[in-house]
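S.K.: Before we start, here is the structure in question, set down as structure tokens.
The values are calculated or read from the model by the stated rules, or taken from the named source; none is laboratory data. Since this is a predicted model, take the numbers as computed values, not measurements. Glycine gets a Cβ as well: all are built from the backbone with ideal geometry, and neighbour counts include every protein chain shown. Surface accessibility is based on the protein's heavy atoms, side chains included, excluding ligands, DNA and RNA. Shrake-Rupley method; radii C 1.70, N 1.55, O 1.52, S 1.80 Å.
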Amino acid sequence: MKLRSLLSTCSATICTATDDTTTVHHPHKSKQPTPNRLFSDTSSIMSDTTTSPSLDTSYNSLHSNLSIQTLPSVASLQKLSPETLNLAVSHGYITSLKPAQAGHVNFLAVNNNLLYAATGNLIHVYDTTSFMLMDTFSVNDSSSGTVKSVTFHNESIFTSHQDTKIRVWKLKENTHKFSVMDGPSRNSRHKQIGTLPTLEDRLLRSVFKKNYVNVRRHRRRLWIEHHDAVSGLAMIDDTLMCSISWDKYLKIWRTSSLRCVESIKAHDDAINAVVVAVDGTIYTGSADRRIKVWGKLKPNRKAETENKYVLTATLEKHKSAVNALAINEVGSVLFSGACDRSILVWEKEDSANHMAVTGALRGHSKAILCLINVSDLLLSGSADRTIRIWQRGVAGKFCCLAVLDGHKQPVRSLVADIQNSDSKITESESVTTIKVFSGSFEGEIKIWKVEVLKFNSHMSTPLIKMKL
């Protein structure tokens, strides 16, 4: 079947892709529908009615027959060049990391000069300076499936998994005495200290029928449990964390007690992305093409209840599954990437406290899979195997500063480590140096160095450079 015959929403089909051809497999028919997921996973224990293709060669929602003018009603924001921004861009490839276990690099995260790379069911820990493998750890239960997300809170590390669980880890004492190893070991420096929901929480709530919800025909689960892969985690503040899942639910957890305090049916399809603004506002992106905004509802003075999250806005402009979200440091600009190849830019309106689309960034030739906002830069990774670096100028216009090319498979995850931000060279020049880590489907992590030299004086002449 030719690409032009694909449905307009990427999430409606399962695409098995190679370098030259694409074959479309329609999901098996069943009486009970299952959510459209961004990626298939053979390790899923919750798939009752569908058979997923192999992880090594297959992925959902990566190819689209849509033209580059996917959203003609949304104007392009690409009106600037680096020269008009009065800056110089320098970028270059440093090295590659190849975890011992072949498979997709599902997620990358940086914390305390350590890079956490989730590959399959393993989490590899690298030093961000020497790039040495410092540790490898995993769940003892082989049925846990792939690791989907990693986040940090104080000294705890939270990981989300294919088997519907969230796990909590801590570094053992004397963490500076890491040892290099090729795989998971009993001597791992990371120790699992809990699983969410906790056994105590499940036992306490299992007594009452009101704590059970219908998740599928003839199947009931506790409302505190996810019943499909937990696709993302994000810290809300020092006391709360949120999780999203392919089961369409958003859950809120208290980090001190590790208990679930709220469960929300957030979308009509699998939830692929979540970000939290500095004010605690939660944004979720789904295969249902929507982005939903969640804010706290202040409790009634007469009722001593905790603040609950309620839907405050629904953002609808994408034409296919939303795969990635990013938000700027102050929470005023939201970026969303989807299978329609476009990155939409949303900004808070002056007259209201919600987001409105202001335009689109185009340039990627295939689905947007990951986004991060670093300093005043936006980085995007795509199924077209490239990474693009964007910067915003005056009047909300954007410029694509660079394209990082080198991956052989779609870029699934991005994370950045700022080495210095706006460090002054002279009175009229300052430089921002960023180390970028990109993970792809071929199981490789590439490391890049990006420098943005800003000229504060109009007498300076900007220059675009490339280090190869």
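S.K.: With a 1.4 Å probe and all protein chains kept in place, how do His190, His218 rank by accessible area, largest first?
M.R.: Putting His190, His218 in descending order of accessible area: His218, His190.
S.K.: Arrange the peptides 154-166, 337-349, 393-405 so that the one whose residues have, on average, the most other Cβ atoms within 10 Å appears first.
M.R.: For the peptides 154-166, 337-349, 393-405, the packing ranking is 337-349, 154-166, 393-405.
S.K.: Take the residue pairs Lys148/Lys172; Lys148/Lys348; Lys148/Lys248; Lys366/Lys408; Lys165/Lys296; Lys317/Lys348 and return only those whose Cα atoms are more than 19 Å apart.
M.R.: Pairs exceeding the cut-off: Lys148/Lys172; Lys148/Lys348; Lys165/Lys296.
S.K.: Step through the residues of region 219-227 one at a time and calculate ³J(HN,Hα) from phi using the Karplus curve (6.51 cos²θ - 1.76 cosθ + 1.60, θ = phi - 60°), rounding each to whole Hz and writing x for Gly and Pro.
M.R.: Computed from phi, the couplings for region 219-227 are 9, 10, 9, 5, 5, 7, 9, 6, 10 Hz.
S.K.: Met132 accessible area, nearest 10 Å², 1.4 Å probe?
M.R.: Roll a 1.4 Å probe over it and Met132 shows about 100 Å².
S.K.: His318: net charge of surrounding residues, Cβ under 12 Å, Lys/Arg +1, Asp/Glu -1, itself excluded?
M.R.: For residues surrounding His318, the net value is +2.
S.K.: 5 Å is the cut-off here: which amide hydrogens, built 1.01 Å from N in the peptide plane, fall below it relative to His104, excluding neighbours closer than 5 in sequence?
M.R.: Gly120
S.K.: Could you put Glu83, Glu451, Glu262 in order of accessible surface area, largest first, with the 1.4 Å probe and the full protein assembly present?
M.R.: The residues order as Glu83, Glu451, Glu262, largest area first.
S.K.: Take each of the peptides 311-319, 204-212, average the number of other beta-carbon atoms within 10 Å over its residues, and list them starting from the highest.
M.R.: Highest mean packing first, the order is 311-319, 204-212.
S.K.: Over the Cα atoms of region 210-280, what is the Rg over Rh ratio if Rh follows Kirkwood?
M.R.: The Rg/Rh ratio comes out at 0.98.
S.K.: Can I ask one more? Can you list the HN-Hα couplings for region 234-250, worked out from phi with the Karplus curve (6.51, -1.76, 1.60; θ = phi - 60°), rounded to whole Hz and with x for Gly and Pro?
M.R.: 7, 7, 8, 7, 6, 10, 10, 9, 10, 10, 10, 8, 5, 7, 6, 9, 10
S.K.: Starting at the first residue of region 140-153, write each ³J(HN,Hα) from the Karplus equation 6.51 cos²θ - 1.76 cosθ + 1.60 with θ = phi - 60°, in whole Hz, x for Gly and Pro.
M.R.: My calculation for region 140-153 gives 5, 7, 5, 7, 5, x, 6, 8, 9, 7, 9, 9, 10, 8 Hz in order.
S.K.: Additional query: Test of understanding: what is the full-extension gain from Met235 to Ile193, defined as 0.36 nm times their sequence separation minus their Cα-Cα distance?
M.R.: Gain on stretching Met235 to Ile193: 13.3 nm.
S.K.: OK, next. What is the set of long-range amide H partners of His354 at a cut-off below 5 Å, with H atoms built 1.01 Å from backbone N?
M.R.: It is Glu349, by chain and number.
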